[in-house]
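The values are calculated or read from the model by the stated rules, or taken from the named source; none is laboratory data. As the structure is a computational prediction, the values presented were derived from the model and not from experiment. When we count neighbours, we look across all protein chains shown, and the Cβ atoms used for this are built from the backbone with ideal geometry, even at glycine.
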Amino acid sequence: MSAYRIILVGTDGSETSFRAVDRAAQLAAATGATLLLASAYSPMPERERASAADRLGDLAYKVQGSTPADDALRAARERAVAAGARDIQQEAVEGDAVDVISRLAKERGAELVVIGNRGLNSLAGRILGSVPANLSHRSPVDVLIVHTTDGK
């Protein structure tokens, strides 16, 4: 079996998700793989969109990509570069995190999905399921669940 050529990592902009980005970037750097940073988002309510447009101007808002998903991807990219990744792509997609990551893995030909473990041991995670647990069942490719929490 050859090394992974495309590694997809999901991030929501949280510190724990950035730990998964760090690990994925290290793997990509070590293997020469392309790193695909992905962030799923819900559409911005019209009131928030109007407020952002008022603050930045319509064009500036569209050009700067000031959505939380875009902000998360910019920060993740900085961390990935610092961890040594060289070939980095980004994708912000509207939808549920598990659906988005599974679909992107298939569409973009990723061979490994990296995700943080946050939520696996929470009460809500046990009752409702969590992104890492659900992704491990639905992903069309290998999944690496990175231990990103410090027992908190």
**Request:** Starting from residues that are over 15 Å from the mean Cα position of the chain (by Cα) and modelled with pLDDT of 90 or more, keep the ones in segment 141-152 and report whichever is surrounded by the most Cβ atoms within 10 Å (Cβ to Cβ).
**Result:** VAL141
**Complete:** Being small (Gly, Ala, Ser), assigned to a helix (DSSP H, G or I) and under 14 Å from the mean Cα position of the chain (by Cα) narrows ALA29, ALA25, ALA40 down to just ALA25
**Candidates ALA72, ALA110 - the one that is out of contact with any Ser or Thr (no Cβ under 8 Å at 6 or more places or on another chain), within 17 Å of ALA25 (Cα to Cα) and either at pLDDT below 95 or small (Gly, Ala, Ser) (or both)** = ALA110
**Prompt:** Among all residue pairs at least 6 apart or on different chains, which show Cβ distances below 6 Å where the first residue, located in segment 67-86, is touching a residue at least 24 places away in the same chain (Cβ under 8 Å) and the second is of a type in the set (S, T, N, Q) and in a helix (DSSP H, G or I)?
**Reply:** ALA83/GLN26
**Request:** Look at SER122 and say whether it is at pLDDT below 90, of a type outside the set (A, V, I, L, M, F, W, C), crowded, with 16+ Cβ neighbours inside 10 Å and in contact with a Ser or Thr (Cβ under 8 Å, 6 or more places away or on another chain).
**Result:** no
